[in-house]
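The structure appears below as structure tokens.
The values are calculated or read from the model by the stated rules, or taken from the named source; none is laboratory data. No experiment lies behind these values; they were computed from the predicted model shown. All accessible areas refer to the heavy atoms of the entire protein, side chains included, with ligands and DNA or RNA removed. Shrake-Rupley method; radii C 1.70, N 1.55, O 1.52, S 1.80 Å.
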Amino acid sequence: MVSPTRPSGPHGDGVVRIVHRGRPPPLPLHTGGPCEARDRHGEFQDPAAGLRGRVFADPAGLLAALAQEVHRHTGDGTTDDMAMLAAPRHAR
């Protein structure tokens, strides 16, 4: 489960705390594109907010959800580049 612990930064992005039970979730990494994406009112996207409370079984699901959230927020009008990676993690 992905959940921001507190808002921070000029773009409304949050410090993300990963909570898991059983298998660790994928670790999301991205460039500024997802958090700098703006809606038609000029409001920045908050990537963590769209992922809050959701559980992802694999990295592909996390990346698809993040991309969907950005497109939903911008109305599919993204103009910035986005590089996203979700690294799988394994329990020790």
Surface accessible to a 1.4 Å probe, Asp76 within the full protein complex, Å²: 110
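Would you list Arg89, Arg38 from the most to the least accessible area, probe 1.4 Å?
On the way: Arg89 80, Arg38 130 Å².
Greatest to least solvent exposure: Arg38, Arg89.
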